[in-house]
């Protein structure tokens with residue numbers, strides 16, 4: 001008897017190649033029971049009729065399928081337990097938009113946990129953070145800061161890149177400047193930074209106005225003075241980050257945007273991700 005190509009026994013690589021285009025888009029780490037069952041059915045479909053899969057082999061494969069399903073359920077349960085353990089703690093996370101590749105940094109205290117199917121999310125402000133996107137976890141702000149700030153003195157007179165954040169919404173904005181001194185806070189340590197260029201959105205008070213004359217008068221009258229401002233990103237996307245500092249310079253642009261330079265901006269030392277030695281351009 002001549003056995004055609006349809007009866008040829010396929011190996012696992014061929015089965016995966018034949019079925020990979022039929023699998024929908026999934027997140028990394030989610031290869032699970034549906035794909036496993038698809039592979040098993042495909043293997044049975046293309047088995048050699050002269051040498052079919054034996055009962056013992058089929059039972060072993062079904063046992064693997066059952067074990068895989070149980071492992072997925074265990075992973076989901078572990079993620080939920082891990083998430084509830086982060087309640088009330090301060091976290092940082094980084095989200096990347098799949099369509100635009102835009103990176104969004106989030107920081108804040110976990111106020112809740114949300115479950116959607118097999119996925120687990122941490123609620124920080126008005127953001128839902130997938131638990132696998134968390135970068136760091138710290139104890140709540142009720143724990144007093146007892147760190148030794150002398151270990152950060154090497155940052156003084158260096159240009160650094162770090163982040164300031166809105167503790168209410170968890171939004172984070174990257175900034176750059178020259179470190180003047182290190183300051184110990186109640187809950188975290190800060191690099192007091194000069195020459196920080198910012199995009200000004202509003203005054204951090206009940207006084208609000210879009211009138212260019214107001215801004216010209218307010219900023220001119222506060223040159224060299226301590227100010228409390230709301231800053232945003234270059235795109236003016238609606239991000240609102242409160243900062244305090246000394247106003248050193250400002251520019252009112254024809255399109256209505258306002259840029260400024262602040263001294264004495266407190267940047268959390270743990271947010272610093274780049275340090276440049278002044279004069280030689282060497283980065284660390």
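We did not get these values from a lab; they are worked out from the coordinates using the rules stated. Because the structure is predicted, anything quoted here is derived from the model rather than measured. So basically every Cβ, Gly included, is an ideal-geometry build from the backbone, and we count neighbours across all protein chains shown.
Observations, loosely collected:
- Based on C-alpha pairs under 8 angstrom that are at least 6 apart in sequence, the range 85-138 has a relative contact order of 38 percent.
- Length-normalised contact order for the range 149-276 - Cα pairs under 8 Å, 6+ apart - percent: 31
- Residue order, fewest to most surrounding Cβ atoms within 10 angstrom, among 186, 201, 77: 186, 77, 201
- Sorting 103, 110 by the number of Cβ atoms found within 10 Å of their own Cβ, with the fewest placed first, yields 103, 110.
- Note on the range 149-276: percent of Cα-Cα distances in each 5 Å bin, starting at 0 and stopping at the bin with the largest distance, equals 2, 11, 21, 23, 19, 13, 7, 3, 1, 0.
- FRET efficiency, residue 234 to residue 139 (Cβ-Cβ, R0 41 Å, nearest 0.05): 0.75
- The distance from the alpha carbon centre of the range 78-108 to that of the range 161-182 is 18 Å, rounded to a whole number.
- Full extension of the segment from residue 221 to residue 78, taken as 0.36 nm per residue of separation minus the current Cα-Cα distance, would add 45.8 nm.
- Size-normalised alpha-carbon gyration radius of the range 85-138, reference 2.2 N^0.38 Å: 1.09
- Once the C-beta distance of residue 276 and residue 151 is scaled by a Förster radius of 22 Å, the resulting FRET efficiency is 0.70 to the nearest 0.05.
- Residues 250, 78, ranked from the fewest to the most other C-beta atoms within 10 Å, line up as 78, 250.
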